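The structure appears below as structure tokens.
The values are calculated or read from the model by the stated rules, or taken from the named source; none is laboratory data. No experiment lies behind these values; they were computed from the predicted model shown. Neighbour counts run over all protein chains shown; Cβ positions are idealised from the backbone, glycine included. The area values use the complete protein model at the heavy-atom level, side chains included, leaving out ligands, DNA and RNA. Shrake-Rupley method; radii C 1.70, N 1.55, O 1.52, S 1.80 Å.
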Amino acid sequence: SDVNGCTNVASILIEQVLNFFIPTEVCVGETVEVEHSISANYYSWNFCIPDVGNAPTATNIGNPGGLLNVNAFADIVFDSVSGNYFMFATNYFASNIVRLDFGNSPLNTPTATNLGTFGGMLPPQLEGIQVAKDGNNWYGFVVGGQTSATARLVRLDFGSNLTNMPTAVNL
């Protein structure tokens with residue numbers, strides 16, 4: 001990206017086409033082996049549509065609150081107690097987490113809340129996030145870092161409500 005005449009080298013994307021090879025027929029309970037065409041040091045992808053035979057539909061909701069930045073990874077959860085949908089997104093360069101509150105429908109326009117960097121505890125190059133409920137408590141697991149010196153796993157403890165400000169534990 002070009003900002004004030006300066007190029008941010010970290011945001012330059014080198015795009016390669018990755019071909020996946022999967023069986024054309026699979027039986028229920030059968031293990032499926034997926035092969036791909038490119039060798040790399042690491043990979044980052046996801047399979048976000050439930051039926052690979054149909055193209056997904058999408059609605060661009062923009063950047064709610066202007067809080068999302070480059071390479072945001074996300075997890076969407078439904079809280080059956082409150083009846084509300086939430087999306088938690090990581091910001092790669094800012095190393096912070098944003099919570100999007102959709103209310104009772106993922107089709108609603110969300111309200112964005114910056115949960116912050118937890119005093120710098122979140123790693124640089126913040127990437128994946130997974131949010132899960134265990135018993136009555138919600139937890140988020142966040143990973144990032146590109147070297148053994150900076151890579152880490154951080155657990156976020158929300159307690160019983162995803163609208164709580166979580167506490168962070170560097171695992």
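For the stretch 61-112: of the residues being among the aliphatic types (A, V, I, L, M), buried (at least 19 other Cβ atoms within 10 Å of the Cβ) and assigned to a strand (DSSP E or B), which is farthest from the chain's Cα centre (by Cα)? The residue in question is LEU100.
Give the residues of the stretch 143-157 that are free of Cβ contacts under 8 Å to residues at least 24 places away in the same chain and either open to solvent by 50 Å² or more (accessible area, probe 1.4 Å) or farther than 15 Å from ASN96 by Cα (or both), sorted by residue number. Explain how you work it out, then say what you get.
We begin by selecting, within the stretch 143-157, every residue free of Cβ contacts under 8 Å to residues at least 24 places away in the same chain; these are 143, 145-149, 153, 155, 157.
Selection gives VAL143, GLN146, THR147, SER148, ALA149, LEU153, ARG155, ASP157.
Scanning the stretch 113-142 for residues that are in a strand (DSSP E or B) and of a type in the set (Phe, Trp, Tyr), we see that the one that is most open to solvent (accessible area, probe 1.4 Å) is PHE141.
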